[in-house]
Amino acid sequence: MFTSVLMIEQPLTTVDVDFVTTLHGDDHVSFVVLMQPRGDQDRLLRAIDDVALGELPEALREADVPEGEAARGPAAAALEHSLAALRRKGATAVGHIVEDHPLDKLKAVVDETGADEVIVLTAPHFVEEFFHRDWASRARHKVGVPVLKLFAHNE
């Protein structure tokens, strides 16, 4: 069995689920999904990314997105939705909400599960990527297994 740790920041779409469950052909894949609620520390970066993508209305709505404690409920719902979608595709899937020290949690999960890889499924973050401060770049230096970065889809 192949084990993947999947870091997400939004619910998995049908396209995302189809893609990650077929990455390894017919091999059975077990997923540990880590979902991080949005925090206010990255509001400005999200707004800059929205502007860079030409999505000005999205940039203006960043202030309305729940953060911190208010983001826990939506994050838990997104995690449950994602786990259910993976299970419907026949994958084994468990998950956790990650709040403090996400890279430390990622490293601990990789070590505990003996994961074969980490998949970071994220929206484009141009500023963070330029400075190599995005999750995938930072994880590559921490976890000791291959890290694959994929861009999430919207439905």
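General remarks:
- Some residue of region 45-68 being surrounded by 17 or more Cβ atoms within 10 Å (Cβ to Cβ), closer than 15 Å to Ala115 by Cα and either modelled with pLDDT under 60 or not aromatic (Phe, Trp, Tyr) (or both): no
- Only residues that are part of a helix (DSSP H, G or I), open to solvent by less than 40 Å² (accessible area, probe 1.4 Å) and modelled with pLDDT of 95 or more were counted across region 80-107, and they come to 5.
The values are calculated or read from the model by the stated rules, or taken from the named source; none is laboratory data. As the structure is a prediction and not an experimental result, all values here were calculated from the model. Cβ: placed from backbone, ideal geometry, glycine included. Neighbour counts: every protein chain shown. Just the protein is used for accessible areas: all its heavy atoms, side chains included, with ligands, DNA and RNA removed. Shrake-Rupley method; radii C 1.70, N 1.55, O 1.52, S 1.80 Å.
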